[in-house]
1. Can you report the number of residues in the range 113-138 which are surrounded by 15 or more Cβ atoms within 10 Å (Cβ to Cβ) and basic (Lys, Arg)?
2. Taking Ala8 and the conditions (1) touching a residue at least 60 places away in the same chain (Cβ under 8 Å); (2) surrounded by fewer than 10 Cβ atoms within 10 Å (Cβ to Cβ); (3) among the aliphatic types (A, V, I, L, M), which numbered condition does it fall short on, given that it satisfies the others?
3. Which condition from (1) under 25 Å from Ser133 (Cβ atoms); (2) in contact with an Asp or Glu (Cβ under 6 Å, 6 or more places away or on another chain) is the one that Asp62 breaks?
4. Does Ala82 count as out of contact with any strand residue (DSSP E or B) (no Cβ under 8 Å at 6 or more places or on another chain) and either among the basic types (Lys, Arg) or within 20 Å of Phe29 (Cβ to Cβ) (or both)?
Amino acid sequence: MSMQASFATPPKMQIALLDDPTQFLEAQFNPEELVESGGADWARAVVPGLSHKIKQFINTKDRTLKFTLRFIANAYPSNGPARLKAARRFILANSNPVAMPGDVGHGGAPQLLFLWPNYFSMTAVIDTWTIKSQRFTTDNQPADLSIEVGLEQIRAELLTSDMDPDT
C-alpha cells in the first residue's frame, strides 16, 4: 500500500430524496460512528401453570441508524455559512410532510435514500434529529454545525432470514 493511498479521501456519505436524487445532502466529513439497531417483536403468551412465557414471533423491527454529521463553515473554500444553512434546511424540510401528497402513500415525510459508498444503502425516513449550532459569525451565522440524525428504514417487501439485509 502506498502512502498516498492510505491518506486518500473516502467517498462521502449521502442522504438523497428517493423521488428526486438530484436533491441530496452530502456529508462534509463522514460520520466517525454509525449506530445500527433493530430486532424482532415478540408476543409473550402466558399459559397458566407453565414456568415461562411462550414467545410468538410477530414481525421484524425496522432498522434504525443514528449518526452525527459535522459541518464547518471555514472548511469550505467559499460560501461556508450558506452551505451550513442548506444542510440544516435539508434535514428540517425532509422531516415534514409534502405539501400536496396526491395520494395516501405519499402523505408523510419524504422517503430518502441513505448511501454510504462501499458499505451499504437503505431507504428510510428521518425519525429524529438534533441540530447544534456553534461559534457564530459577526452576522449571526453558525460557523460550526453538528446534526445528529436518526433514520428509520422503510421496506416494501417481505424480509426473510436468507436475504441480504443491505439490499
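1. Initially, the range 113-138 is screened for residues surrounded by 15 or more Cβ atoms within 10 Å (Cβ to Cβ), giving 113-116, 120, 122, 124-127, 129, 131, 133.
Then drop every residue that is not basic (Lys, Arg), which leaves none.
Number satisfying all stated conditions: 0.
2. Failed condition: (1).
3. So the condition that Asp62 fails would be (1).
4. Spelling it out, Ala82 is indeed out of contact with any strand residue (DSSP E or B) (no Cβ under 8 Å at 6 or more places or on another chain) and either among the basic types (Lys, Arg) or within 20 Å of Phe29 (Cβ to Cβ) (or both).
The numbers here are math on the coordinates, done by the rules we state, and not lab data. The model shown is predicted, which means the values in this text are computed figures rather than measured ones. Cβ: placed from backbone, ideal geometry, glycine included. Neighbour counts: every protein chain shown.
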